[in-house]
Amino acid sequence: MTRAALYARVSTLDQHPETQLLDLRQLAEQRGFQIIEEYVDHGISGSRTRRPALDKLLADANRHRFDVVVVAAFDRMARSVRHLLETLDELSRLGIEFISLRESIDSGGPLGRAIVVIIGAIAELERSLIVERVRAGMRRARLEGQHIGRRPLDLDRAAILRDRARGLSFGDLAKLHRASRTTIRRVLAGVPKGSAQTRSEVTENRRPETAA
């Protein structure tokens with residue numbers, strides 16, 4: 001039996017999601033669906049980025065708790081066209097069908113599958129455009145002489161060595177010089193950041209910390 005998730009949303013507390021759920025339950029009964037859970041966002045605007053019930057539905061979709069998602073209309077689920085594209089693309093990737101009553105969209109049928117393919121292609125194109133815009137921005141920043149990525153730490157190795165000689169632990173050195181313990185160990189060992197350390201070097205670096 002096909003397992004179904006019903007999703008309903010109303011924008012204000014004085015509205016009743018039961019109106020949507022009655023139609024969704026009726027469709028589930030007609031199709032012979034087994035309703036796994038009803039996800040309801042009550043009194044939550046469609047423009048809200050985070051919605052507890054929708055977030056739970058998508059999390060359960062990733063756990064494959066159901067086979068189909070049924071909604072009363074597109075605007076009940078998505079806050080924008082982009083959000084709708086992303087959501088349908090995610091459900092399609094998970095192999096979960098999608099049914100919208102008002103738009104008469106059923107991804108289980110030929111037309112619905114074609115629409116999902118088109119939606120997936122649009123979503124993929126949008127992701128590619130975003131990646132290209134980011135790369136173009138990074139290229140422009142480099143040409144303008146701007147630094148890309150995390151700036152290297154400017155640490156005073158001599159000061160760290162003096163502080164270590166005074167008996168400061170690795171934790172104290174890390175706080176004092178605003179660096180991680182791993183970075184402090186590398187500085188004391190004379191190993192440049194990003195270089196690999198041998199096990200003997202790590203062991204040797206840890207011995208003073210025990211004594212501190």
Subject >> Lone unmet requirement of (1) within 22 Å of the chain's Cα centre (by Cα); (2) at pLDDT below 75; (3) part of a helix (DSSP H, G or I); (4) surrounded by fewer than 18 Cβ atoms within 10 Å (Cβ to Cβ) for Val117 >> reply: (1)
Original post:
How many of the residues making up the stretch 70-100 are modelled with pLDDT under 90, assigned to a loop (DSSP other than H, G, I, E, B) and either surrounded by fewer than 18 Cβ atoms within 10 Å (Cβ to Cβ) or not hydrophobic (A, V, I, L, M, F, W, C) (or both)?
Top reply: 3
Original post:
Has the stretch 62-69 got any residue that is assigned to a helix (DSSP H, G or I), surrounded by 19 or more Cβ atoms within 10 Å (Cβ to Cβ) and at pLDDT 85 or above?
Top reply: no
Original post:
Looking at Arg25, Arg51, Arg9, which one is on the phi < 0 side of the Ramachandran plot, of a type in the set (D, E, K, R) and either surrounded by fewer than 18 Cβ atoms within 10 Å (Cβ to Cβ) or not assigned by TED's automatic domain parsing to the domain that holds Asp106 (or both)?
Top reply: Arg25
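The values are calculated or read from the model by the stated rules, or taken from the named source; none is laboratory data. This structure is a prediction, so every number in the text was calculated from the model and none was measured. Please note: Cβ atoms are built from the backbone with ideal geometry, for glycine as well, and neighbour counts cover all protein chains shown.
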